[in-house]
Amino acid sequence: MKKARDLFFLTTYRTLHKTPNSSNSNINSITAATFQETMQTPNHDSSPQRYSYNPTLNWNPHLHNYFTKAYGSDRFSRISSALTRPSRYSCIRVNTLRSDSDTVIEKLRLLVKKSSNADDCGDGDDVVNPLKECLDSDSGPVFKCLIPGLDYVVFVWGSGPHCVDYGNVAPKEVIVSRKCAEAVLRGAQVYVPGILACSAHVEEGDTIAVSVSVEQKGSDGSWSAGMTRGIVLQGSETDPFYLERNGLYIGQGTAMLSRAGMFRVTQGLGVDMKDRVYELHSFHNVLEGEIFLQNLPSIIAAHALDPQMGERILDMCAAPGGKTTAIAILMKDKGEVIATDRSHNKVLDIHKLAAELGLSCIKAFKLDALKSVSRRNDNDTFIDTSHNNATNDVKNQVPSNLQVERISLFGTESFKTETLEENGKGNKAHEGAYPSKAEIRKSMRKARNGPGRNQSGGGRVDSSKGFDPDSFDRVLLDAPCSALGLRPRLFAGEDTIESLRSHAKYQRRMFDQAVQLVRPGGVIVYSTCTINPGENEALVRYALDKYKYLSLVPQHPKIGGPGLVGSCEFPDGYVEEWLRPGEENLVQRFDPSAPLDTIGFFIAKFAVGSKDT
């Protein structure tokens, strides 16, 4: 085991750190030519290239130029290509308070079949992932992470890209939305809401190809799929977006409904995927409470925080609670983990996950991250709304000085009944006492479609007005960002220089809050899931220049690559400064095109010195 571990880290170090940190550096990414090899299927009359998966990200031209300056043309091309495919393994965090890695591995091996690579179409198989190097060929696709300190992490290997045989004639097919396709590439099935169009005469049980409709820019400048749900596909060039779907076939499966059924119902399984371009295992409802599916860089971000038992820790933008629960488990559920999010429903998600994993040290509050520091009252003292209300009851106790938000979702009948009862068994007490037709229609839509993005699902959450300065030992700020590191990604057209700058300004304001909340001698970990230097290295530059008592410190474990050094000048004269020489190896940048095959991610760790200096 020691020999294998030494080999792992020797290889990892050589592959990730042997190149200089410059805009033209190549951190051992897969070659663009390898990725662009066509996954050809038997010749169809329409086009030998059509029934393949060979997507291209179309970036905003100004944004493309910016990233090319940051990374160099070749490296950005590799990153852009890598973003269009999923990581070829799933990363699972074991709940060590309930189980252990060996037990979980044995259970997963009974559930997971070994993936076959016989029909692979290439795409980087010549590049060895150091995470897989020490994999015993007899162990199947499930194995323990060998990175020191991360033995509670388990990898389940998938495979791909595969050459899918769609037959010798144009197949029946469905077109799915881009978001549906991205989920399918990660291992999901095709559900009815994601289906946009379908061939004529499709019946339950038919073999059906699945292609993707990526958003197109309209004449008014907006982006949309450009088709009305329910369109009939004829399999000819007269079909909508026929040419745009070339190279965007993600596999085939069995139709679980007829064509009419797919557009008559509002939920349920539409296509059971049998042959996929990427074979990744689904862990829906698998070992609940024992495992949590999480990206490797996210796990490392929580680990880099180095939480200790008994400490008071803040996770500022915590939903859905992955890093929050990781921190609590590392603390062995002893201490206090405060998790905040400004969304009512997302706070409910944190409660649910904490309960599922059996964690009692987590307290979740509804709070805007920009208002994390409590305001002074008339007596010029800070109001701390939750520091003195520590409790191990995540779900039930409501401290007296917290605002409780309770929102009920009602349907049409209950709405009318309540209104009639209030007005004396149906007697109209005053004008407007009865719901209007518009209100009734809205209530009916709500009952049919469920709560909307900004509507509560009806649970109870505790709202906070902020916390005292210097009241936390450690703070994790996994900031809301442009998410340009998440994969697979089939669309990037809406992002602009202006939108990325807006994200960066928002993150600086949140970081200003975090700095005030951490005590001297404490720690701040800042992370994002984007490849944008303006939200990563530029934030570090801002933090170090503004707060002289902050300093970058080493992270453990350290398997990500170095950050970007230098700066970028924009056409409008704005200069964005990044890291300075000597700082690049104190951060971790996860390149999606590197051999580790992770999402794009960034982590910086700051030590907080004396604030009096």
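The values are calculated or read from the model by the stated rules, or taken from the named source; none is laboratory data. Because the structure is predicted, anything quoted here is derived from the model rather than measured. Note that each Cβ is placed from the backbone with ideal geometry, even for glycine, and that neighbours are counted across all protein chains shown. Surface accessibility is based on the protein's heavy atoms, side chains included, excluding ligands, DNA and RNA. Shrake-Rupley method; radii C 1.70, N 1.55, O 1.52, S 1.80 Å.
Structure above, values below:
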| read-out | value |
| --- | --- |
| Nonlocal amide H pairs with A197, under 5 Å, H built at 1.01 Å | I175, G230 |
| Inter-part distance where the range 253-283 and the range 182-252 are each reduced to a Cα centre, Å | 13 Å |
| Sorted peptide list for 475-484, 303-312, 281-290, criterion being average Cβ within 10 angstrom, highest first | 475-484, 303-312, 281-290 |
| Mean projection area, nm², convex hull over Cα of the range 463-562 | 8.3 nm² |
| Within-9-Å neighbourhood charge of L83 [Cβ basis; K, R +1; D, E -1] | +3 |
| For the range 196-210, 3J(HN,Hα) per residue [Karplus equation, 6.51 cos²θ - 1.76 cosθ + 1.60, θ = phi - 60°, Hz, x = Gly/Pro] | 9, 8, 8, 5, 6, 6, 7, 10, 4, x, 5, 7, 9, 7, 10 |
| Trypsin sites (Lys or Arg not before Pro) within the range 554-613, DSSP loop, no more than 16 other Cβ atoms inside 10 Å | K611 |
| Residue-normalised accessible area of the range 514-574, expressed per residue, 1.4 Å probe, Å² | 32 Å² |
| Distant-in-sequence amide H partners of G149 (H built 1.01 Å from N, under 5 Å) | none |
| Shape category assigned to the range 543-613 from the gyration tensor of Cα positions, a/c cut at 1.5 | oblate |
| Local electrostatic count at Y71 - Lys and Arg +1, Asp and Glu -1, tallied over other residues with Cβ under 15 Å | -2 |
| Given K363/K548; K366/K605; K548/K605; K334/K558; K323/K605, the pairs whose alpha carbons are separated by over 20 Å | K363/K548; K366/K605; K334/K558 |
| Separation between Cα centres of the range 143-174 and the range 308-338, rounded to whole Å | 31 Å |
| Total formal charge among the other residues, if their Cβ is under 11 angstrom from that of V184, Lys/Arg +1 and Asp/Glu -1 | +3 |
| Relative packing of peptides 567-576, 522-531, 81-90 - highest average C-beta neighbours within 10 Å first | 522-531, 81-90, 567-576 |
| Euclidean distance between Cα centres, the range 46-109 to the range 497-529, Å | 26 Å |
| The range 244-325, accessible surface, carbon-and-sulfur percent (1.4 angstrom probe) | 47 percent |
